[in-house]
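Below is one structure, written out as structure tokens; the observations come after it.
The values are calculated or read from the model by the stated rules, or taken from the named source; none is laboratory data. Just so we're clear, the structure is a prediction, and the values are computed from it rather than from any experiment. Neighbour counts run over all protein chains shown; Cβ positions are idealised from the backbone, glycine included.
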Amino acid sequence: MWTHLASWLVKSGEVSQLELGDTFREVSVRASCWSFTEALGPDGLALRPAPDPTGEPSLHYAVTGEVVWRREPDSMLVRVGDLALVVEPREGASPVERLPEVGERVTALATLDVMGTYEIDAFDYPDVRRDWLVRGLKVEHRELVTSPAFPDTREPGHILRIDDIPQMLRWADATSRDHATYVLDLEPLTPATG
């Protein structure tokens, strides 16, 4: 499953430079969703072939599963087979009208993102860390554009290109010329700890 990893987590040393075949240890995954609805079909992760809702060619999924934990206003833990994913709205997504109850099934349209190790304790999420096999690596490069909210800063814009790579090179992959995000094809190796 293609999962985004912020390059700053690698630059800071929180995540080591990974290569194909490595084990990525004790990692939780968040589904950062544009929207969710009642379940549309059986449980699973379905890679969407079309551009994401913003029109970008970023890898994203329809995530369908059962809500096993929730916290107002908009956090859920969704079990998809033996996977458990934190599901929350993306920055800028529409506010959640009604958070589903535990036991309800939902489908979220989302990108998958590696959570920082500090998030489980700092924000009191269920502990769903597990080990993963790295089956593929890409770098998603976005242009840097002037922020409308803060004109003195730059933020990620449109995707310029997505490159396949054999291993991470923290300073060569994520330079100051553009905004880089790693995208890892992860396969679960161990059950979640929580």
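Does region 16-39 contain at least one residue that is of a type in the set (Val, Ile, Thr), loosely packed, with under 15 Cβ neighbours inside 10 Å and not in a strand (DSSP E or B)?
To start, the set of residues in region 16-39 that are of a type in the set (Val, Ile, Thr) comprises 23, 27, 29, 37.
Narrowing further to those that are loosely packed, with under 15 Cβ neighbours inside 10 Å: 23, 37.
Add one more test, that the residue is not in a strand (DSSP E or B), and what stays is none.
No.
Name the pairs: first residue in region 16-40 and free of Cβ contacts under 8 Å to residues at least 40 places away in the same chain and under 16 Å from LEU112 (Cβ atoms), second residue crowded, with 18+ Cβ neighbours inside 10 Å and hydroxyl-bearing (Ser, Thr, Tyr), Cβ to Cβ under 9 Å, at least 6 apart or on different chains?
Qualifying pairs under 9 Å: none.
Only residues that are under 13 Å from LEU112 (Cα atoms), part of a loop (DSSP other than H, G, I, E, B) and not hydroxyl-bearing (Ser, Thr, Tyr): list them for region 41-76, please.
Hits for region 41-76 are ARG48, ASP52, LEU59, HIS60.
Please determine whether any residue of region 152-161 is crowded, with 16+ Cβ neighbours inside 10 Å, among the basic types (Lys, Arg), farther than 20 Å from GLY13 by Cα and modelled with pLDDT of 90 or more.
no
Only one residue in THR117, THR107 is of a type in the set (Val, Ile, Thr) and either closer than 17 Å to THR54 by Cα or at pLDDT below 95 (or both), so which one is that?
After applying the criteria, what remains is THR117.
Please list, ordered by first then second residue, the pairs with beta carbon atoms under 8 Å, 6 or more apart or interchain, first in region 103-132 and over 17 Å from HIS4 (Cβ atoms), second surrounded by 19 or more Cβ atoms within 10 Å (Cβ to Cβ) and among the aromatic types (Phe, Trp, Tyr).
Note: pairs meeting the criteria are VAL106/PHE36; THR107/PHE36; ASP131/PHE24.
Kindly check whether there is at least one residue in region 64-73 that is surrounded by fewer than 13 Cβ atoms within 10 Å (Cβ to Cβ), modelled with pLDDT under 95 and within 23 Å of TYR125 (Cα to Cα). Break it down stepwise before answering.
So the first thing to find is which residues in region 64-73 are surrounded by fewer than 13 Cβ atoms within 10 Å (Cβ to Cβ), and the list is 72-73.
Next cut, modelled with pLDDT under 95 only: 72-73.
Now narrow it down to the ones that are within 23 Å of TYR125 (Cα to Cα): 72-73.
Scanning region 64-73 turns up at least one residue that is surrounded by fewer than 13 Cβ atoms within 10 Å (Cβ to Cβ), modelled with pLDDT under 95 and within 23 Å of TYR125 (Cα to Cα).
Using beta carbons and a limit of 6 Å, which pairs, at least six apart or on different chains, have the first residue in region 42-68 and under 11 Å from GLY81 (Cβ atoms) and the second one assigned to a strand (DSSP E or B) and among the polar types (S, T, N, Q)?
If the second residue must be assigned to a strand (DSSP E or B) and among the polar types (S, T, N, Q), the pairs left are ASP43/THR64; GLY44/THR64; THR64/THR107.
All but one of (1) out of contact with any Lys or Arg (no Cβ under 7 Å at 6 or more places or on another chain); (2) farther than 17 Å from VAL68 by Cα; (3) hydroxyl-bearing (Ser, Thr, Tyr); (4) modelled with pLDDT under 95 hold for TYR125; state the number of the condition that does not hold.
(2)
Residues are listed down the side, and each one gets a yes or a no for (1) among the aromatic types (Phe, Trp, Tyr); (2) buried (at least 17 other Cβ atoms within 10 Å of the Cβ); (3) part of a loop (DSSP other than H, G, I, E, B):
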{"site": "PRO100", "(1), (2), (3)": "no, yes, yes"}
{"site": "LEU109", "(1), (2), (3)": "no, yes, no"}
{"site": "LEU112", "(1), (2), (3)": "no, yes, no"}
{"site": "VAL139", "(1), (2), (3)": "no, yes, no"}
{"site": "GLU143", "(1), (2), (3)": "no, no, no"}
{"site": "ALA172", "(1), (2), (3)": "no, no, no"}
{"site": "ALA180", "(1), (2), (3)": "no, yes, no"}
{"site": "LEU184", "(1), (2), (3)": "no, yes, no"}
{"site": "THR190", "(1), (2), (3)": "no, no, yes"}
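Among LEU189, LEU112, which is the only one that is within 23 Å of VAL80 (Cα to Cα) and within 15 Å of the chain's Cα centre (by Cα)? Walk me through how you get there before you give the answer.
Values: LEU189 fails: within 15 Å of the chain's Cα centre (by Cα).
Being within 23 Å of VAL80 (Cα to Cα) and within 15 Å of the chain's Cα centre (by Cα) holds for just one of LEU189, LEU112, which is LEU112.
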